[in-house]
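J.: Below you will find the structure I want to go over with you.
The values are calculated or read from the model by the stated rules, or taken from the named source; none is laboratory data. All figures in this text were calculated on a predicted structure; none of them were measured in a lab. Ideal geometry is used to build each Cβ from the backbone, glycine not excepted, and the neighbour counts take in all protein chains shown.
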Amino acid sequence: MQSAAIKVSPAQIRSYGIGVSAGFIRPLVTRNYLAGTEIYAQGELAGELYVVEFGAVRIHRLLADGRRQVIAFHLAGETFGFESGGTRTFFAEAITATGIRPLGAAAGNLGTPELMALALRGMLKAQEHLLVIGRQCARERVAAFLLDMAERQGDDVTIELPMPRIDIADYLGLTIETVSRTFAKMRAQGIIELRGTRSVTLKKRDILTELCR
């Protein structure tokens, strides 16, 4: 049986990283997931919304031919779990060791301005993703992806990519070979610097920006 929604202080609301009205939040504990663990599955009943406390989440679906299509990535402080209907249309999985804090708001309940704003933000991100994968050039797609990740991480010069190359490939509609080759070419041209497999320094951000115009 679900607990009733209770009022929480503004400080507690801010701790979620979003301005959801107190009446729509239950202060539930953080759930920890190991890398690769499923958070929810396609076809399940849609329930709560979630905030990523730490780590990262990928949202994906399986196509009829068995291929996987990654729809979105969610990083620390971001909210996910919105659904237009009563059942889940995507899978959600932890990419790395991840902490998820459930919110006591129903995934289909957009009865507050705050929740509506979050839903609209998610729609905007989905539209931006369509624009990215609509680009014909792999360099443009990778450039747009790197700039998006930088913006979401505070516009730092060096960014962390919690997801493996195969996730990036499935997100951008490319093969893993093309993604790896594009990263290698950008490194050779001095546009980026790779520090290991997950850390990227944007050395020539102006070129990345130009590629996205």
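J.: Return yes or no: is ALA150 at negative phi, surrounded by fewer than 21 Cβ atoms within 10 Å (Cβ to Cβ) and assigned by TED's automatic domain parsing to the domain that holds ARG205?
T.: Against the criterion (at negative phi, surrounded by fewer than 21 Cβ atoms within 10 Å (Cβ to Cβ) and assigned by TED's automatic domain parsing to the domain that holds ARG205), ALA150 qualifies.
J.: Restricting to region 64-103, and then to whatever is in contact (Cβ under 8 Å) with a residue 60 or more places away in the chain and polar (S, T, N, Q), can you tell me which residue is surrounded by the most Cβ atoms within 10 Å (Cβ to Cβ)?
T.: THR98
J.: Residues being in contact with a strand residue (DSSP E or B) (Cβ under 8 Å, 6 or more places away or on another chain) and closer than 15 Å to ALA56 by Cβ: count how many of those fall in region 151-166.
T.: Here the count works out to 7.
J.: If you take the residues of region 180-212 that are farther than 14 Å from ASP148 by Cα and in a loop (DSSP other than H, G, I, E, B), which of them is modelled with the lowest pLDDT?
T.: THR197
J.: While we're on this one: Are any residues in region 156-179 part of a helix (DSSP H, G or I) and exposed (fewer than 15 other Cβ atoms within 10 Å of the Cβ), and if so, which ones?
T.: ILE166, ILE176, GLU177
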